[in-house]
Amino acid sequence: MTEAELIELLSDMGQPKFRAGQLYKWLQSGVTDFDGMTDMPKSLREKLSDTCYIADVKIIKRLQSKIDETVKYVYELYDGEYIESVLMKYEHGYTVCISTQIGCRMGCSFCASGINGLSRNLTASEMLAQIMAAERDNNIRVSNVVMMGMGEPLDNFDNSVRFLELVSSDKGMNIGLRHISLSTSGVVSGIEKLKEYNFPITLSISLHAPFDDIRSSMMKVNRKWNIAELLKACKEYQKVTTRRISFEYALIEGVNDSKECAEQLAKILKGIMCHVNLIPANPVKENSFKKPDKTKILHFKRLLESLGVNATVRRTLGSDIDASCGQLRRKAKEEKL
């Protein structure tokens, strides 16, 4: 809830307006039980406990890198479902990669998140809880968020938008929208709706192939909205927001790493203010994909740059605890069962 909604809730309970400020402050401090709100009347705390709940996550598995300070989490939710999140440290501060759904229904062939389909959407509060849990566990302040964990944010549009509004509130977590990235597999209808909000976030498009036949074989979403439709939506989004778009490109040996792919990628991105983030593909046991060797990755990058495309290779963090998104959750669930 927003502060205004909390004011309305407590007003309906016959409480003075200042109680909403107290409640909001407790929620932002990370308190996960109404009994811990010690400056509020016991009768009100009991009423809130009867009618409301505070979304929280419980750490089930925590993997700490010995190479850097990356931490990968498996969280348990109130209904026994599991999600994943990652805390990463950069020179500019701490970034949390959060999940937006339990599982995923997009069915991308290189991703472990959607192998068992979609269980349910996460609420905005469950997205916030992932950040707050990482802050509590490490006694740090998170300054950046990437919505790139399990799930498709634009397939959970309303909760994703509410999360953006809550996390950026100056009375809430106060994480600036310019420090938030939202990654989509290419849900064109969602991109068209998102542009109307004109959030100054970074939109990241999981492109992964410059030809429709290759992309359709990797990503089911391309069979509904092809590359031309996706890039048209990106251009219209950019006209409204004037923000640079990031294109994610997972390099897979023998699939999308050819000279022809690099040349076509540069061709289709012409006229879009963008950046290409090259990602050496993570192996998933359910497919035979392999990442190209380092020399080929660098050659692909340099070819893009020679064709006028700004490109970088994603820095590998926590390589000693590496697991494709979704695999830790599945393993933890299997162990529980």
*asked:* Tell me yes or no: at least one residue of the range 17-39 is outside any helix (DSSP H, G or I), surrounded by 13 or more Cβ atoms within 10 Å (Cβ to Cβ), in contact with a helix residue (DSSP H, G or I) (Cβ under 8 Å, 6 or more places away or on another chain) and not assigned by TED's automatic domain parsing to the domain that holds N156.
replied: yes
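Going through the range 45-58 one residue at a time, which ones are over 16 Å from E135 (Cβ atoms) and out of contact with any helix residue (DSSP H, G or I) (no Cβ under 7 Å at 6 or more places or on another chain)? Break it down stepwise before answering.
As a first pass, look at the range 45-58 and keep what is over 16 Å from E135 (Cβ atoms): 45-53.
If the condition is that a residue be over 16 Å from E135 (Cβ atoms) and out of contact with any helix residue (DSSP H, G or I) (no Cβ under 7 Å at 6 or more places or on another chain), then E46, K47, D50, T51, C52, Y53 are the ones that fit.
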*Is it true that N256 is in contact with a Ser or Thr (Cβ under 7 Å, 6 or more places away or on another chain), assigned by TED's automatic domain parsing to the domain that holds C108 and either buried (at least 17 other Cβ atoms within 10 Å of the Cβ) or within 23 Å of K195 (Cβ to Cβ) (or both)?*
no
*Among the residues of the range 114-128, is there at least one that is of a type in the set (G, A, S), part of a loop (DSSP other than H, G, I, E, B) and either outside the structural domain of I140 (by TED's automatic domain parsing) or crowded, with 23+ Cβ neighbours inside 10 Å (or both)?*
no
_Can you go through T2, T70 and tell me which one is polar (S, T, N, Q) and either modelled with pLDDT of 95 or more or within 20 Å of the chain's Cα centre (by Cα) (or both)?_
T70
*Among the residues of the range 205-237, how many are of a type in the set (A, V, I, L, M) and in a helix (DSSP H, G or I)?*
8
_Subset of the range 129-162 [crowded, with 23+ Cβ neighbours inside 10 Å and in contact with a Pro (Cβ under 9 Å, 6 or more places away or on another chain)]_ = M147, S160
*Being assigned to a loop (DSSP other than H, G, I, E, B) and either modelled with pLDDT of 95 or more or in contact with a strand residue (DSSP E or B) (Cβ under 7 Å, 6 or more places away or on another chain) (or both) is the filter here, so list the residues in the range 272-298 that pass it.*
I272, M273, A281, K291, P292
*Could you please let me know if S99 is part of a loop (DSSP other than H, G, I, E, B), closer than 17 Å to S181 by Cα and at pLDDT 95 or above?*
yes
*Could you list, in sequence order, the residues of the range 85-103 that are under 11 Å from the mean Cα position of the chain (by Cα) and within 16 Å of N139 (Cβ to Cβ)?*
V96
_I'm trying to understand the selection: among the residues of the range 4-16, which are surrounded by fewer than 17 Cβ atoms within 10 Å (Cβ to Cβ) and under 15 Å from L128 (Cβ atoms)?_
E5
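The values are calculated or read from the model by the stated rules, or taken from the named source; none is laboratory data. All of these numbers come straight from a predicted model, not from anything done at the bench. Counting neighbours? That spans all protein chains shown, and the Cβs are built from the backbone with ideal geometry, glycine included.
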